[in-house]
Amino acid sequence: VSAPAVSVLMAVRDGVPWVGEAVASVLGQSAGDLELIVIDDGSRDGTPALLAAVADPRLRVERRPPAGLTASLNRALALARAPLLARLDADDLALPERLARQRAFMDAHPEVGLLGAGACEVDETGRKVAVQMPPPDDAALRAALIRRNPFIHSAVMARRALVERAGGYDESVPVAQDYDLWMRLAPLTRLASLPEVLVVRRLLPDRVSATRDDARLRAETRIRWRAVRGGGYPWWCAVFALRPAVALA
């Protein structure tokens with residue numbers, strides 16, 4: 001069986017309210033040469049049955065005991081066969097042209113290894129809340145990266161060889177694992193982002209909590225300090241590593 005052009009990585013736990021729509025948004029892409037790898041991270045609701053009912057050979061599901069998002073994404077990465085990887089959270093939606101638009105850009109720009117896109121953010125009722133649009137070019141993305149995470153995880157496409165070379169997701173980083181990966185990818189490749197909305201991102205109540213926010217701030221301090229210490233940014237950028245620590249305090 002020939003390898004698909006794009007492997008879409010998804011992890012889910014107890015995703016009945018949303019995962020069906022997320023899966024359908026991937027399988028309904030205008031560029032259909034893809035595989036969707038879903039790691040069921042120990043769901044105890046109807047998620048396994050919902051996924052089993054999808055009659056599409058491009059969907060590959062693996063059910064595992066609960067291990068967390070980072071470990072689940074690494075397992076999906078290990079199963080991926082395509083040269084290009086895309087991400088989608090189980091409660092988000094990919095617009096129909098998303099993979100076609102990103103794949104065309106990656107084909108035309110072999111120097112780019114990490115590509116983002118914009119997202120329309122909605123609340124749990126579907127009401128539009130905001131539009132997030134990352135900077136489009138390499139220089140602006142690098143300048144932003146030491147200050148914040150400019151990429152939307154559900155909207156990225158990356159070259160699998162580079163992600164594997166960077167070591168995949170760091171399982172010691174349970175929160176902000178995407179930010180950590182982008183920082184390790186940045187020295188290896190050029191960065192870019194399409195200036196258009198290609199995903200719908202749901203802002204659900206359990207997506208942000210005080211506990212997770214504390215963990216995110218700790219992770220950001222560690223990630224930024226490692227980037228400065230490793231020579232990826234000048235020493236004065238250490239001030240950006242201190243900001244999340246100050247916010248945490």
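Here, each number is a calculation from the coordinates, and none is a lab measurement. Model, not experiment: these values are computed from the prediction. Backbone-built Cβ (ideal geometry, glycine too); neighbour counts: all protein chains shown.
Residue-wise test of (1) of a type in the set (D, E); (2) over 24 Å from V163 (Cα atoms); (3) without any contact (Cβ under 8 Å) to a residue 60 or more places away in the chain.
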{"position": "D33", "(1), (2), (3)": "yes, no, yes"}
{"position": "A52", "(1), (2), (3)": "no, yes, yes"}
{"position": "R63", "(1), (2), (3)": "no, no, yes"}
{"position": "S72", "(1), (2), (3)": "no, no, no"}
{"position": "R75", "(1), (2), (3)": "no, no, yes"}
{"position": "P83", "(1), (2), (3)": "no, no, no"}
{"position": "A86", "(1), (2), (3)": "no, no, no"}
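Being in a helix (DSSP H, G or I) and not β-branched (V, I, T) is the filter; apply it to the stretch 1-33 and report the residue that is surrounded by the fewest Cβ atoms within 10 Å (Cβ to Cβ).
Within the stretch 1-33, the match that is surrounded by the fewest Cβ atoms within 10 Å (Cβ to Cβ) is A24.
Which residues, taken from the stretch 34-52, are part of a helix (DSSP H, G or I), surrounded by fewer than 22 Cβ atoms within 10 Å (Cβ to Cβ) and either within 19 Å of the chain's Cα centre (by Cα) or not aliphatic (A, V, I, L, M) (or both)?
P48
With A155, A176, A100, A166 as the choices, which residue is crowded, with 18+ Cβ neighbours inside 10 Å, more than 22 Å from G230 (Cβ to Cβ) and touching a residue at least 12 places away in the same chain (Cβ under 8 Å)?
A155
Is it the case that the stretch 65-80 has a residue that's farther than 24 Å from S193 by Cβ, in contact with a Leu (Cβ under 8 Å, 6 or more places away or on another chain) and not aliphatic (A, V, I, L, M)?
No.
E111 is checked against (1) under 17 Å from the mean Cα position of the chain (by Cα); (2) in contact (Cβ under 8 Å) with a residue 24 or more places away in the chain and fails just one. What number does that condition carry?
E111 satisfies every listed condition except (1).
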